[in-house]
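So the structure is just underneath, and the comments pick up after that.
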């Protein structure tokens, strides 16, 4: 059984603070949170196999993320942007969408009480 911290090397107080600060953020992406939890569990002495079991990942994946942390710090755990087509909506479009969603349709003299995606699309 492999003990976690051996994979990443010694954790500095600065690294520990960085991990704990990020873990307190509410809007942290789930995958990044999971990777940070792996690092924290590792420095607390949890075995790689145990981390793999609770995270639903393979031990190889856990070791890969621990090594990424060792080599690149917390920034390496963020992951790459998800590929795909760039968004068509700009900030103005998103602002108009939010404003419409925050406004009851009846106050806009529309003949319905609830927005649907089709109605919202036609309105915008």
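The values are calculated or read from the model by the stated rules, or taken from the named source; none is laboratory data. Since this is a predicted model, take the numbers as computed values, not measurements. Counting neighbours? That spans all protein chains shown, and the Cβs are built from the backbone with ideal geometry, glycine included.
Observations on the model:
- Residue within region 20-38 that is touching a strand residue (DSSP E or B) at 6+ places or on another chain (Cβ under 9 Å) and either farther than 29 Å from residue 124 by Cβ or at pLDDT below 90 (or both) present: no
- Scanning region 21-61 for residues that are in contact with a helix residue (DSSP H, G or I) (Cβ under 8 Å, 6 or more places away or on another chain) and touching a residue at least 40 places away in the same chain (Cβ under 8 Å) turns up 22, 32, 35, 36, 45, 48, 49, 51, 59.
Yes/no per residue for (1) at pLDDT 90 or above; (2) over 30 Å from residue 38 (Cβ atoms); (3) under 24 Å from the mean Cα position of the chain (by Cα):
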site	(1), (2), (3)
76	yes, no, yes
80	no, no, yes
85	no, yes, yes
95	yes, yes, yes
99	yes, yes, no
104	yes, yes, no
110	yes, yes, no
114	yes, yes, no
118	yes, yes, no
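- Residue match in region 59-72 (condition: in contact with a strand residue (DSSP E or B) (Cβ under 8 Å, 6 or more places away or on another chain) and over 17 Å from residue 13 (Cα atoms)): no
- Among the residues of region 16-35, those that are over 20 Å from residue 81 (Cα atoms) and surrounded by fewer than 12 Cβ atoms within 10 Å (Cβ to Cβ) comprise 17, 20, 21, 24.
- The criterion of at least 3 residues that are surrounded by 17 or more Cβ atoms within 10 Å (Cβ to Cβ) is met, among helices (runs of 4 or more DSSP H) falling completely within region 36-119, by 48-55, 59-72.
- Residue 12 vs. criteria under 22 Å from the mean Cα position of the chain (by Cα) and either within 30 Å of residue 123 (Cα to Cα) or free of Cβ contacts under 8 Å to residues at least 40 places away in the same chain (or both): no
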